[in-house]
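Accompanying notes for the structure given below.
The values are calculated or read from the model by the stated rules, or taken from the named source; none is laboratory data. All values derive from a computational prediction rather than experimental measurement. Reconstructed Cβ throughout: ideal geometry from the backbone, glycine too, with neighbour counts over all protein chains shown.
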Amino acid sequence: MFYATNRVALVAAFCVITDSRVADAPDLDSGRSISMNWRNRSACFGVNPELFFPDGSTGRALLQIEEAKAVCRQCEVIETCLKWAMESGQDAGVWGGLSEEERRALKRRTRVRRAS
């Protein structure tokens, strides 16, 4: 139930993020605003947000992740989307062409490089 409730909230947030009327999002860690002007040019604009938030990471969810990534591969703002997701702490869903697990791995690699 907890995951389902969070999933509904995440999908709702995705809808807000891809809504052209939304202003820039606050970066809660720094208090700065993260520009969201790119969202109107995103390939996912108008696509059912459920696609980008699969339920789990096995079986049918793997196919759904690949379908979401296919949309991302057609996107002109994929790098900006990924940067925004990483900077704003998006832990769930497919953002910038990467799954949750791929973004976590990228964060770990980035931390290791900074520590070196």
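Hey, can you tell me all the residues within the stretch 55-75 that are over 15 Å from the mean Cα position of the chain (by Cα) and farther than 15 Å from residue 100 by Cα? 59, 60, 74, listed by residue number. In this structure, does residue 72 turn out to be modelled with pLDDT of 95 or more, of a type outside the set (D, E, K, R) and not in a helix (DSSP H, G or I)? It is false that residue 72 is modelled with pLDDT of 95 or more, of a type outside the set (D, E, K, R) and not in a helix (DSSP H, G or I). Collect the residues in the stretch 85-101 that are surrounded by fewer than 16 Cβ atoms within 10 Å (Cβ to Cβ) and either over 21 Å from residue 39 (Cα atoms) or in contact with a helix residue (DSSP H, G or I) (Cβ under 9 Å, 6 or more places away or on another chain) (or both), keeping them in residue-number order. Residues satisfying the conditions are 91, 101. Quickly run through the stretch 89-102 and pick out the residues that are in contact with a Leu (Cβ under 8 Å, 6 or more places away or on another chain) and assigned to a helix (DSSP H, G or I). Matches in the stretch 89-102: none. Just one residue in the set 82, 62, 28 is modelled with pLDDT of 90 or more and surrounded by fewer than 15 Cβ atoms within 10 Å (Cβ to Cβ); that residue is 62.
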